[in-house]
Amino acid sequence: MTSAPVAGAFAATVARDRRRAKRKAAWRRRGLVLGLLSPWIVGFSVFFVYPLVTSAYLSLTHYDLLSTPRWVGLANYRFMFEDDQLVWPAIKNTLWLMVFYVPAQVLFAFGVALMLTRARRGVGVFRTIFYLPALVPTVAGTLGFVYLLNPATGPVNIALSHLGINGPLWFHSPQWSKPSLTLLGLWGIGNMMIIFLAALVDVSRQLYESAELDGAGPLQRMRWVTLPSISPVILFTLVIGVIDSLQYFTQAYVAASIAVGQSASQSAENLGYPENSTLFYPVLLYQQGFRYFNMGYASAMAMVLLAVALGVTLVILRSSRLWVFYQGARR
Amino acid sequence: MRRMTLAFASTIALVLVVFGASAQGAPRSAATAGSHTPVTISFWNGFTARELGLINKAVAGFHKQYPWITVKTTGALTADKLTAAIRGGNAPDAASLFETDTLGAFCSSGAFQDLTPYIKRDHLNMNLFPKTIRDYTAYQNKRCAMPLLADTYGLYYNKALFAKAGLKSPPRTVDQLAAYAKKLTQRNKDGSLKVVGFNPLDGWYENAPAHTGPMWGGQWMKGNTSNIAGDPGWAAWLRWQKKLIDWYGYNNLVKWQAGTGDEFSASNAFEVGKVAMNLDGEYRVAFVDAEHPDLKYGTAPLPTSRPSLYGSGFVIGTIMAIPKGSHHPNEAWLLEKYLATNTKALTGLSLGLKNVPSTLPSLKVPAVRKDPHFRVFLDIFANPKSSTQPVLKIGSQNQTLFATFVGKWQAGHVKPQDLHAGLANVDKQINDALKQSGQVP
């Protein structure tokens, strides 16, 4: 009479113990995962989450780096969009980089990589030559270009004058300063070129052979084989290029400081020379935060920059569904 | 037992509160002014190499006078480094900065201590210093800094080029300056500029609104607001400047300028004879002596738009302060007072660094007045009409905003009829920035 309830209770106990053991095992697994992830979690929290949250908070304060932040609500954002007359030129200059500088870099790097895949002799030498500028420190490279493009004594304008061409003022002209920086950027495409080269070498020979059998010429092979095959790499270089352009600082800072022809202490007051044509968004942000002790406002600028970077990257990634092809994936 | 614990805890809390409050209180200067307990203080400053050696020499003189205070100096200080040190609670006992522009931010935030209690305690006569110095070492009547030598700006002219052009003495008016500049200019066969009489382009070497403005009596502020458009001096300067630039040709001038050597090198355009007249600081005398001792040149006050202004000029200088967190503010004050006012120390520093000594009595020391090139700058410094830049919470932002407009103006990208509107917009930008910083309500 009593065996059925006893057996039921026993079964329930066993089931409960099993559930407990399962839960324990699950917790142990979670603990292990967390333990293994902890170096990353610590790094991510300390170097990303904390600065991001702090920056977001500081953007709502007046903070001069020296005294306690004072809450001002959205005043910094209002000042940015309503009163600060330098923000829009800085945004325009940064947009210029995104529209001209980044595509020029991608195209040039792709072109050089393509040429290197076709070369039959001295490939190693050419690869080294085109990659070497990437090893030159940014400041040194920029100084070199300011010297090369000096309108009075630079070899480029001297060479142009021998051809009867009156060379431009380069870094001293608001029309030419950004193209001068673009030339500097094209010179330093080594890393991008190596990525393209690896992608081009990886394109399947069979695809080219099939296309040839179908009667495709060089342009058609490029259009229907090469570009689709390396499209993930194009997407990668584009995203990295856009993010880099949103953070463009060192070259602009050095070029303006040197070209203006003042001592180092004073030239920092001439960032953006000539006529704010090289005043990019990060340069203005630095100027506000570290030159004018306006860190609250600089933090607001940083938050907007983060939002824009996120937005642009999302747009590029969304659009990539239309033009990026992954091997083995279905469209 | 419980009561005893509570009483003990309360006593501890009370002690902590009392000591905590006293630690954060007013400078303990008055309390420890007479203490001769041996102490080592830190003095961070911007000097390096040979110049730091000269500072150390002056500091040795201080140690002789105050043997219980040993000073440990550290050079190459910048405003960024000092900001980080103050924020990190590792501030030096005394600090000296070249970046005078930053005083407004340091002073308004309390990062530099108010020196008034020390000045009052020691009955220091601040009239030892010209008004310009008193102006650039205080922010809104709060004296947060003391001067450590000064820079003044004048005109350097090449005597050989003057003789070649048939000119005997330096120009005294801005009209003469323009006429002399044209006479002294030499062109190459292709029309490019070989020697420029005077380069009016703003942004080159020491050509900056703050340095040029005093020639036209330009004043930056009216009360608490920017008044560049309201002061006729600035517009007069810009019209004069544009006229001379157009005579050279803007592109010609920029091209010539790009080919000139680094300002602080032996290739300096004035030192190598590429520019006949140049606006520069008193320190250039030392550079010429060291790099081109054979150069035949003269110095003079900058030409002015009004005869009454002649002899005056722009004055600025290095500052010394006691940062928040200084462990020995009283000893730091003694050091700063010594370096700012001791005539012997100032003479030694002035002769070594070739900067203007910052007190009026030290200007009369024969050794300092010996070099006629240098003497001109001492007189500009002492001139009651000499001026300096305003000390603002926004640092040098007002100068940058104005310089940006000048850059557009001189390139011909602002129509002459739009000059006043452009200057008014510069004022608006500066006033907006002042408002945003909280300096102006």
> If a residue has to be buried (at least 18 other Cβ atoms within 10 Å of the Cβ), away from every other protein chain (no Cβ under 12 Å) and outside any helix (DSSP H, G or I) to count, how many in the stretch A:136-188 make the cut?
Replying inline: 1
>> Quick check on this structure: which one of B:201, B:161, B:148 is touching a residue at least 40 places away in the same chain (Cβ under 8 Å) and either surrounded by fewer than 20 Cβ atoms within 10 Å (Cβ to Cβ) or in a loop (DSSP other than H, G, I, E, B) (or both)?
In response: B:201
> Do the conditions hold for residue B:233, that is, is it part of a helix (DSSP H, G or I) and either of a type in the set (Lys, Arg) or farther than 28 Å from residue A:154 by Cα (or both)?
Replying inline: yes
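For every residue, the table says whether it meets (1) among the hydroxyl-bearing types (Ser, Thr, Tyr); (2) surrounded by fewer than 21 Cβ atoms within 10 Å (Cβ to Cβ).
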position	(1), (2)
B:36	no, yes
B:49	no, yes
B:74	yes, yes
B:78	yes, yes
B:93	no, no
B:111	no, no
B:120	no, yes
> Which members of the stretch B:401-441 meet the condition of being more than 12 Å from chain A (Cβ to nearest Cβ) and under 21 Å from residue B:247 (Cβ atoms)?
Replying inline: B:415, B:416, B:417, B:419
> Of the residues B:302, B:238, B:244, which is within 30 Å of residue A:155 (Cα to Cα), modelled with pLDDT of 95 or more and not small (Gly, Ala, Ser)?
Replying inline: B:244
>> Would you confirm, using the coordinates I've provided, whether residue B:121 is within 25 Å of residue B:320 (Cβ to Cβ), free of Cβ contacts under 8 Å to residues at least 12 places away in the same chain and not aliphatic (A, V, I, L, M)?
In response: no
>> For the stretch B:379-400, which positions are more than 8 Å from chain A (Cβ to nearest Cβ) and within 22 Å of residue A:256 (Cα to Cα)?
In response: B:398
> Given the conditions (1) aliphatic (A, V, I, L, M); (2) away from every other protein chain (no Cβ under 12 Å); (3) crowded, with 22+ Cβ neighbours inside 10 Å, which single one is not true for residue B:210?
Replying inline: (2)
> Of the conditions (1) modelled with pLDDT under 95; (2) of a type in the set (Gly, Ala, Ser); (3) over 16 Å from the mean Cα position of the chain (by Cα), residue B:382 fails just one. Which one is it?
Replying inline: (3)
> What are the residues in the stretch B:181-198 that are exposed (fewer than 15 other Cβ atoms within 10 Å of the Cβ), at negative phi and in a loop (DSSP other than H, G, I, E, B), if any?
Replying inline: B:188, B:189, B:190, B:192
>> I'm told residue A:78 meets every condition in (1) exposed (fewer than 14 other Cβ atoms within 10 Å of the Cβ); (2) among the basic types (Lys, Arg); (3) not assigned by TED's automatic domain parsing to the domain that holds residue A:290 except one. Can you identify the failing condition by its number?
In response: (1)
>> Looking at A:265, A:257 in this structure, which one is at pLDDT below 95, surrounded by fewer than 21 Cβ atoms within 10 Å (Cβ to Cβ) and part of a helix (DSSP H, G or I)?
In response: A:265
> What residue, among those in the stretch A:69-125 that are in contact (Cβ under 8 Å) with a residue 40 or more places away in the chain and of a type in the set (S, T, N, Q), is nearest to the other protein chains (Cβ to nearest Cβ)?
Replying inline: A:76
> Taking residue A:182 and the conditions (1) touching a Lys or Arg at 6+ places or on another chain (Cβ under 7 Å); (2) more than 29 Å from residue B:399 (Cβ to Cβ); (3) touching a residue at least 60 places away in the same chain (Cβ under 8 Å), which numbered condition does it fall short on, given that it satisfies the others?
Replying inline: (1)
> Within the stretch B:73-121, how many residues are of a type in the set (Lys, Arg) and either closer than 22 Å to residue B:55 by Cβ or at the interface with chain A (Cβ under 9 Å from one of its Cβ atoms) (or both)?
Replying inline: 2
> Of everything in the stretch A:275-305 that's over 17 Å from residue A:92 (Cβ atoms) and in a loop (DSSP other than H, G, I, E, B), which residue is farthest from the other protein chains (Cβ to nearest Cβ)?
Replying inline: A:294
>> Residues that are within 21 Å of residue B:119 (Cβ to Cβ), among the hydrophobic types (A, V, I, L, M, F, W, C) and within 20 Å of the chain's Cα centre (by Cα): does the stretch B:264-278 have at least one?
In response: no
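Each row is one residue, and each column tells you yes or no for (1) away from chain A (no Cβ under 14 Å); (2) touching a helix residue (DSSP H, G or I) at 6+ places or on another chain (Cβ under 6 Å); (3) touching a residue at least 60 places away in the same chain (Cβ under 8 Å).
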position: B:214; (1), (2), (3): yes, no, yes
position: B:229; (1), (2), (3): yes, yes, yes
position: B:239; (1), (2), (3): yes, no, yes
position: B:242; (1), (2), (3): yes, no, yes
position: B:260; (1), (2), (3): no, no, no
position: B:265; (1), (2), (3): no, no, no
> Going by the conditions given, is residue A:42 hydrophobic (A, V, I, L, M, F, W, C) and either assigned by TED's automatic domain parsing to the domain that holds residue A:291 or modelled with pLDDT of 90 or more (or both)?
Replying inline: yes
>> Restricting to the stretch A:293-331, name every residue that is in contact with an Asp or Glu (Cβ under 9 Å, 6 or more places away or on another chain) and either at pLDDT below 90 or exposed (fewer than 14 other Cβ atoms within 10 Å of the Cβ) (or both).
In response: A:293
>> surrounded by fewer than 16 Cβ atoms within 10 Å (Cβ to Cβ) and at pLDDT 95 or above: is that true of residue B:296 in this structure?
In response: yes
>> Among the residues in the stretch B:122-144, are any away from chain A (no Cβ under 14 Å), within 20 Å of residue B:279 (Cβ to Cβ) and under 23 Å from the mean Cα position of the chain (by Cα)?
In response: yes
>> Suppose the filter is farther than 24 Å from residue A:189 by Cα, in the same structural domain as residue A:118 (by TED's automatic domain parsing) and under 25 Å from the mean Cα position of the chain (by Cα); does residue A:261 pass it?
In response: no
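The values are calculated or read from the model by the stated rules, or taken from the named source; none is laboratory data. Small disclaimer: the values here were computed from a predicted structure and weren't measured. Neighbour counts are summed over all protein chains in view; Cβ atoms, including those assigned to glycine, are modelled from backbone coordinates with ideal geometry.
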